[in-house]
Amino acid sequence: MTTQPPFTELDLNAITGRRWVDRDDFTEAEFARARAFYEQMRADDERLERVRADAAAMIMEWTGHKPRDVGSFGTRLNLESSDLDLGIGYPVEDRDRLREVLKPHTTFLGERKTRFSTSRLVFSFTLDGIEIDLSALTVEDYAVACRMLDQIDTTMTLDERIAHTWVKHLLRSSGRIDEYATWKLVTYARFCPEFNWVPIPEKTGA
C-alpha cells in the first residue's frame, strides 16, 4: 500500500486519477520547491544535447534517416536518470532490412503497438554512459508524432512542465512505480489521444 510522501502538499491520488496537474494544485511554497527541482534537472542539458546530437548522427549514418527526440528530454520533462528516446519514420516493408542494418550497433528490444493497427520497432544502444532508445515508427505514425511534439513545444507552458516534472519525481521517489510509468505518458496522451499509450515496464530511465 502506498502512502502520501511527507514532503509534498499535493494530493497525488487526485492528480494521478485525472492524469494532469495544474499550477492551481500547488501552494506557493510547493511550487517554489518544484521550480527549484526543475532548474536542477536543466543543469545537465548541454551534456544531454551533445550526446543526443552524436547519437542522431550515428543513427543517420546507419539508417539514412534523421531522427527526432521523442522522449522526455525533448519535451523538457526529464529527470536526472532519463535516457534518450529518438524516433524515425520507416517504411513497414523495409523493416527487416532496418533490423539487419542496426544489428551490429544496437540491441533489438522488440515490437510495440503504436495504434491498434500499427506498431513500432524499438532498439537500444549506449553512448557516453547514456542509454539511447530508438523507435522506428511507420512513416504516417512518425508524422503524427512530430505534429504532437510540435504542439507540446508551442502550447505547454513552463509552469505546466515544472508541475508535471515535480509530480513525476514525487511518484518515482516514493516508489509508486506503476503510477510513475503511467504518468510519464500523460502529456503524450493529452496531445495525441489516437496513439496507444500503454506504460512500458520500468527500467531505470525517466
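The values are calculated or read from the model by the stated rules, or taken from the named source; none is laboratory data. Just so you know, these numbers come straight off a predicted model, no measurement behind them. Because the Cβ atoms are built from the backbone with ideal geometry, glycine has one as well, and the counts that use them run over all protein chains shown. Surface areas here come from the heavy atoms of the whole protein model, side chains and all, with no ligands, DNA or RNA. Shrake-Rupley method; radii C 1.70, N 1.55, O 1.52, S 1.80 Å.
Counting only protein heavy atoms and a probe of 1.4 Å, the accessible surface of region 22-102 is 47% carbon and sulfur. Stretching residue 61 away from residue 46 to a fully extended chain increases their span by 3.1 nm, per 0.36 nm per residue minus the current alpha-carbon distance. Considering only alpha-carbon pairs that sit under 8 angstrom and 6 or more positions apart, the relative contact order computed for region 101-206 is 21 percent. Charge tally around residue 92: other residues with Cβ under 12 Å, Lys/Arg +1 each, Asp/Glu -1 each, net -3.
Entry note, the chain: relative contact order of 24 percent, from Cα contacts under 8 Å with a spacing of 6+ residues. Using the average count of surrounding beta-carbon atoms within 10 Å as a protection proxy, the listed peptides 79-91, 15-27, 112-124 rank, highest first, as 79-91, 112-124, 15-27. Taking amide H as placed 1.01 Å from N in the peptide plane, residue 82 has its amide H under 5 Å from the amide H of 206, each at least 5 places away in sequence or on another chain. Can you tell me the accessible area per residue over the chain, all protein chains present, probe 1.4 angstrom, in square angstrom? Result: 51 Å² of accessible area for each residue.
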